[in-house]
Amino acid sequence: MTLLSDAELSTALARLDGWERQGNGIVRTFEFEDFVAAWGFMSSVALLAQAMDHHPEWSNVYNSVTIVLTSHDAGGVTERDKKLATAINERSS
């Protein structure tokens with residue numbers, strides 16, 4: 001697994017609505033109408049992440065879900081993170 005270069009990561013973030021760099025990962029917070037909607041979103045992302053064999057770090061407080069993506073084995077953001085972030089954005093719309 002190869003880390004994205006700074007230029008590649010900047011280009012990816014320009015195309016990934018709502019995501020920003022944070023430390024060795026990328027992060028986005030999603031807000032929903034209520035807890036049930038947030039939980040439903042998390043459930044759909046969990047199935048997606050399992051299918052991609054790439055699991056996010058996340059937290060949920062009432063109607064918000066914060067997701068951090070990083071490839072720990074590579075020490076930062078890779079193509080896998082970019083693909084999962086893209087797929088998560090598609091689920092959130």
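Counting Lys and Arg as +1 and Asp and Glu as -1 over every other residue whose Cβ lies under 9 Å from the Cβ of Thr70, the net charge comes to -2. For the chain, GluC sites (Glu not before Pro) meeting the loop criterion (DSSP other than H, G, I, E, B) and having at most 10 other Cβ atoms within 10 Å: Glu33. Here the Karplus relation 6.51 cos²θ - 1.76 cosθ + 1.60, evaluated at θ = phi - 60°, turns the backbone of the range 3-11 into coupling constants of 5, 6, 5, 4, 5, 5, 5, 4, 5 Hz, with x for every Gly and Pro. Counting heavy atoms of the protein chains alone, Asp34 has an accessible area of about 50 Å² for a 1.4 Å probe. Spin-label model, Thr29/Ser59: points 7 Å from Cα along the beta carbon direction are separated by 1.0 nm. A simple spin-label model places pseudo-atoms 7 Å from Cα toward Cβ; at Glu79 and Arg91 they are separated by 2.2 nm. Karplus-based coupling profile of the range 47-56, in residue order and whole Hz: 5, 4, 4, 5, 5, 8, 6, 8, 10, x, with θ = phi - 60° in 6.51 cos²θ - 1.76 cosθ + 1.60 and x standing for Gly or Pro.
So which chymotrypsin sites (Phe, Trp or Tyr not before Pro) in the chain pass both tests, a DSSP loop state and at most 15 other Cβ atoms within 10 Å of the Cβ? Don't skip to the end; give the middle numbers.
Working: sites: Trp19, Phe30, Phe32, Phe35, Trp39, Phe41, Trp58, Tyr62; in loops: Trp19, Phe32, Tyr62.
Loop-located and lightly packed - Tyr62.
Legend: residues Met1, Met52, Met42, sorted from most to least accessible area (1.4 Å probe; ligands, DNA and RNA excluded), read Met1, Met52, Met42. Residue separation of Gln22 and Met1 scaled by 0.36 nm, minus their Cα-Cα distance, works out to 5.6 nm of gained length. With 0.36 nm allotted per residue and the present C-alpha distance subtracted, the Gln50-Arg15 stretch has 10.2 nm of extension available.
The values are calculated or read from the model by the stated rules, or taken from the named source; none is laboratory data. Remember, it's a predicted structure, so these values are computed and weren't measured experimentally. No Cβ is skipped: glycine too gets one built from the backbone with ideal geometry, and neighbour counts run over all protein chains shown. Protein only, heavy atoms only, side chains kept; ligands, DNA and RNA dropped before computing areas. Shrake-Rupley method; radii C 1.70, N 1.55, O 1.52, S 1.80 Å.
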